[in-house]
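Heads up, the thing below is written out as structure tokens.
The values are calculated or read from the model by the stated rules, or taken from the named source; none is laboratory data. From a predicted model like this one, the values you see are computed outputs, not experimental measurements. Quick reminder, even Gly has a Cβ in these numbers, built from the backbone with ideal geometry, and neighbours come from all protein chains shown.
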Amino acid sequence: MGLATSALAEPELRQALHNYFAAPERRLLVEALRPLDRPSWRTYVFGGCLRDLALAGPQALPRDLDLVVENASNEELATLLAPSMVRRTRFGGLHLDCAGWTVDVWALSSTWAFAHGVIAPAVIQKLPLTTFLDVEAAALEMRFAEAAPGALFESGFFAALKLRQAEINLIYNPYPQLCVVRSLVLLNQLAFTAGPKLRAYLVEHGAALSDHDWLSTQTAHYGRTLYSPSQLRTLLEKHVTAPRQLA
């Protein structure tokens with residue numbers, strides 16, 4: 001992903017999302033997702049796709065999408081999207097293959113922080129509060145048939161992208177090892193710095209990880225190894241050191 005010198009503002013992000021789904025090369029993706037355009041449902045593009053579009057604009061070509069559906073259940077989604085379903089995710093949502101695009105879709109109420117009472121009530125306005133990092137704390141409604149963005153909710157998302165600094169948004173997470181690995185990968189890929197709370201978290205949960213931990217966590221999440229254990233330890237050392245204050 002080529003990074004822009006500054007992140008898109010909300011109006012430009014809306015246009016970028018419209019252009020993304022309106023592109024002819026994503027016609028089959030849109031067809032696979034069009035069943036989500038039910039009158040009583042609201043589907044939101046969530047997290048990483050919005051981050052990539054905001055940072056890279058027209059150059060961004062996210063192939064991994066996270067979708068959260070309001071007023072639906074995971075069972076209803078499984079029935080409706082059965083032709084594209086590959087497997088269930090660990091939290092009961094669906095992992096889809098939509099004409100070569102990887103899509104994770106789940107019911108709003110099954111979001112981990114909602115389902116475990118960490119964030120309440122389970123309403124769309126609070127969905128951005130459930131992400132571990134603020135650089136993923138945004139949700140933008142999408143009607144696929146018209147490629148029409150709707151309501152947008154965020155929690156420090158635009159500020160984080162402007163500062164080019166990732167910080168913890170919600171510290172409670174059932175997989176701290178994964179949070180460490182994902183954070184280091186993102187910080188390196190985005191060329192962002194880590195905020196003070198994230199640096200402290202990386203020290204607490206990352207320092208004792210073994211080679212097996214580094215490798216198995218990547219394989220389980222990404223399906224492959226992106227970095228060697230020594231590379232990740234180097235990134236850890238780099239990002240846990242607070243930036244020097246200017247004189």
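Can you confirm whether the range 69-76 contains a residue that is of a type outside the set (Gly, Ala, Ser), modelled with pLDDT under 95 and buried (at least 18 other Cβ atoms within 10 Å of the Cβ)? Give the derivation first.
As a first pass, look at the range 69-76 and keep what is of a type outside the set (Gly, Ala, Ser): 69-71, 74-76.
From the residues that got through so far, the ones that are modelled with pLDDT under 95 too are none.
Checked against the condition, which is being of a type outside the set (Gly, Ala, Ser), modelled with pLDDT under 95 and buried (at least 18 other Cβ atoms within 10 Å of the Cβ), the range 69-76 yields no hits at all.
Checking the condition over 13 Å from residue 240 (Cα atoms), touching an Asp or Glu at 6+ places or on another chain (Cβ under 8 Å) and not hydroxyl-bearing (Ser, Thr, Tyr), which residue from 218, 189, 177 passes?
Working: 218 fails: touching an Asp or Glu at 6+ places or on another chain (Cβ under 8 Å); 189 fails: touching an Asp or Glu at 6+ places or on another chain (Cβ under 8 Å).
The conditions single out 177.
Is there any pair with a first residue in the range 126-152 that is on the phi > 0 side of the Ramachandran plot and a second that is outside any loop (DSSP other than H, G, I, E, B) and β-branched (Val, Ile, Thr) whose Cβ atoms are under 8 Å apart and which are 6 or more apart or on different chains, and what are they?
Final answer for the pair search is 147/30.
Taking residue 240, is it of a type in the set (Val, Ile, Thr) and modelled with pLDDT of 95 or more?
Here the answer is no, as residue 240 does not meet what is asked.
For the range 89-98, check the following and say yes or no: at least one residue is closer than 19 Å to residue 27 by Cα and surrounded by fewer than 17 Cβ atoms within 10 Å (Cβ to Cβ). First the steps, then the outcome.
Taking the range 89-98 as the starting set, the residues that turn out to be closer than 19 Å to residue 27 by Cα are 96-98.
With the extra rule that they be surrounded by fewer than 17 Cβ atoms within 10 Å (Cβ to Cβ), the set shrinks to 97.
There is at least one residue in the range 89-98 that is closer than 19 Å to residue 27 by Cα and surrounded by fewer than 17 Cβ atoms within 10 Å (Cβ to Cβ).
Out of the residues in the range 144-156 that are out of contact with any Pro (no Cβ under 7 Å at 6 or more places or on another chain) and surrounded by 16 or more Cβ atoms within 10 Å (Cβ to Cβ), state the one that is nearest to residue 37 (Cα to Cα). Break it down into steps so the answer makes sense when it comes.
Our first condition is that a residue be out of contact with any Pro (no Cβ under 7 Å at 6 or more places or on another chain); within the range 144-156, this holds for 144-152, 156.
Narrowing the set further to residues that are surrounded by 16 or more Cβ atoms within 10 Å (Cβ to Cβ) leaves 144, 147, 149, 152, 156.
Numbers: 144: 7, 147: 11, 149: 12, 152: 17, 156: 28 Å.
The selected residue is 144.
Scan the range 92-128 residue by residue and report those that are assigned to a loop (DSSP other than H, G, I, E, B) and farther than 14 Å from residue 44 by Cα.
Here is the first cut: in the range 92-128, the residues assigned to a loop (DSSP other than H, G, I, E, B) are 92-93, 99-100, 111, 116-123.
Matches in the range 92-128: 92, 93, 99, 100, 116, 117, 118, 119, 120, 121, 122.
What number of residues within the range 77-123 are free of Cβ contacts under 8 Å to residues at least 60 places away in the same chain, over 20 Å from residue 133 (Cβ atoms) and hydrophobic (A, V, I, L, M, F, W, C)?
Residues in the range 77-123 being free of Cβ contacts under 8 Å to residues at least 60 places away in the same chain, over 20 Å from residue 133 (Cβ atoms) and hydrophobic (A, V, I, L, M, F, W, C): 12 in total.
If I filter the range 129-183 down to residues being in a strand (DSSP E or B) and within 25 Å of residue 207 (Cβ to Cβ), which single residue comes out as farthest from the chain's Cα centre (by Cα)?
Of all residues in the range 129-183, those in a strand (DSSP E or B) come to 133, 138-143, 148-154, 165-166, 168.
If we keep only those that are within 25 Å of residue 207 (Cβ to Cβ) as well, we get 133, 165-166, 168.
On the way: 133: 9, 165: 16, 166: 13, 168: 14 Å.
Ranking the candidates gives 165 first.
Of all the residues that make up the range 79-91, how many are more than 21 Å from residue 174 (Cα to Cα) and either under 17 Å from the mean Cα position of the chain (by Cα) or part of a loop (DSSP other than H, G, I, E, B) (or both)?
Residues flagged as more than 21 Å from residue 174 (Cα to Cα) and either under 17 Å from the mean Cα position of the chain (by Cα) or part of a loop (DSSP other than H, G, I, E, B) (or both) within the range 79-91 amount to 1.
Given the residues 65, 3, 61, which is the only one that is within 29 Å of residue 165 (Cα to Cα), modelled with pLDDT under 95, assigned to a strand (DSSP E or B) and not aromatic (Phe, Trp, Tyr)?
Numbers: 3 fails: assigned to a strand (DSSP E or B); 61 fails: assigned to a strand (DSSP E or B).
None of the other options fit; the residue is 65.
Say we look at the range 192-210 and pick out the residues that are modelled with pLDDT of 95 or more and over 14 Å from residue 241 (Cα atoms); which of these is surrounded by the fewest Cβ atoms within 10 Å (Cβ to Cβ)?
Within the range 192-210, the subset modelled with pLDDT of 95 or more is 192-206, 209-210.
Those left that are additionally over 14 Å from residue 241 (Cα atoms): 205, 209-210.
Details: 205: 16, 209: 19, 210: 9.
Going through the qualifying residues, I end up with 210.
State which residue is surrounded by the fewest Cβ atoms within 10 Å (Cβ to Cβ) when the search covers only the range 211-237 and only residues that are part of a helix (DSSP H, G or I) and β-branched (Val, Ile, Thr).
Narrowing the range 211-237 to residues part of a helix (DSSP H, G or I): 211-222, 229-237.
Checking the rest, the ones that are also β-branched (Val, Ile, Thr) come to 217, 219, 234.
Values: 217: 20, 219: 12, 234: 14.
Checked the range 211-237; the qualifying residue surrounded by the fewest Cβ atoms within 10 Å (Cβ to Cβ) is 219.
Hey, could you check the range 11-32 for residues that are of a type in the set (D, E, K, R) and more than 20 Å from residue 152 (Cβ to Cβ) and say which is surrounded by the most Cβ atoms within 10 Å (Cβ to Cβ)? Break it down stepwise before answering.
Of the residues in the range 11-32, the ones of a type in the set (D, E, K, R) are 12, 14, 25-27, 31.
Filter once more, so that each one left must be more than 20 Å from residue 152 (Cβ to Cβ): 25-27, 31.
Values: 25: 8, 26: 22, 27: 12, 31: 13.
Among them, the one singled out is 26.
Quick one: is residue 131 β-branched (Val, Ile, Thr), at pLDDT 95 or above and either under 30 Å from residue 159 (Cβ atoms) or in contact with a strand residue (DSSP E or B) (Cβ under 8 Å, 6 or more places away or on another chain) (or both)?
Values: β-branched (Val, Ile, Thr): yes; at pLDDT 95 or above: yes; either under 30 Å from residue 159 (Cβ atoms) or in contact with a strand residue (DSSP E or B) (Cβ under 8 Å, 6 or more places away or on another chain) (or both): yes.
Answer is yes for this residue.
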